[in-house]
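> Would you mind keeping the following structure in view while I ask a few things?
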């Protein structure tokens, strides 16, 4: 008997006049968990909880907009191509959020927030506080892709293969029934990285900002190999998916900055010893 993970037959919940899309609900749950965890970690680092509540009002919509912009810009044919519909670009509940855009826009919003007024904490302390919450939110959000029957990888006969309905299979893969559940791989990777950041005494003893760099490096490393499994339509550069290049770039930059910060911290400790 061939075991597999089924794709949900329904991606939304109808409550009379109200329609709740599971993709949007997954993102919402992830955001709530991230805000709760970030607030606790920020307070433990000397900040005040009200700053996180205030910042969330700007950060959440900015991150969602940034994530959607990145997705649309890197998948323009789906919205502005021959068979695309521009109005679909605003239909976030149908799926399509680029984490790179969400983090970039969110980070810029947070940086401006801390620079524009007197705050108890700092941008770097906030960045370290939000890192594990972001990973957990990303992991929870990936289950929204499961409900939408998207973000799967190459065909596989493994018992945890994801069954994809015929109408959602890419051209050329219609005869295959099960595929790598890359949404699940990424969710589990995010949860694992969050646990590492939360539990690692070494990482949490670094200078402010280093923990956020570790988050970017860890996530990018996982995204690199997960992205190479995916078979959905994507822009290619030299035959390689755009998001693979982005993951490689962010991994290289974040690792370089982290190693540089580590060397600086060692020199500081060495100077104090003398």
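> For the chain, take the longest principal axis of its alpha carbons; what is the angle in degrees between that and the long axis of helix 22-44, to the nearest 10 within 0 to 90?
Roughly 10 degrees between the two axes.
> When the Debye formula is applied to the Cα atoms of the chain, each taken as the same point scatterer, what base-10 log of I(q)/I(0) results at q = 0.13, 0.14 Å⁻¹?
Ignoring solvent entirely, the Cα scatterers give -0.93, -1.06.
> Hey, rough spin-label estimate for residue 77 and residue 12, points 7 angstrom out along Cα→Cβ, what's it come to in nanometres?
Result for the modelled spin labels: 2.7 nm.
> Helix 123-147 against the longest principal axis of the chain: what's the angle in degrees, Cα atoms only, rounded to the nearest 10?
Approximately 10 degrees, to the nearest ten.
> While we're looking at this one, here's another question. Would you mind listing how long region 143-201 runs along its three principal axes, going by Cα atoms, in whole Å with the largest first?
49, 21, 15
> For the chain, what is the calculated [θ] at 222 nm in deg cm²/dmol (nearest 500), taking -39500 (n - 2.57) for each run of four or more DSSP H residues and dividing by its residue count?
Working: 9 runs with 168 residues, N = 274.
Computed mean residue ellipticity for the chain: -21000 deg cm²/dmol.
> For helix 49-74, report the angle its Cα long axis makes with the longest principal axis of the Cα atoms of the chain; keep it between 0 and 90° and round to the nearest 10°.
40
> How big is region 46-107 on each of its three principal axes, counting only the C-alpha atoms and giving the largest first in Å?
Taking max minus min along each principal axis of the Cα atoms, region 46-107 gives 53, 17, 13 Å.
Only the coordinates and a few stated rules stand behind these numbers; no lab work does. Only a predicted model underlies this, so the values are computations on that prediction, with no experimental measurement involved. Every residue, glycine among them, receives a Cβ derived from its backbone with ideal geometry; neighbour counts consider all protein chains shown.
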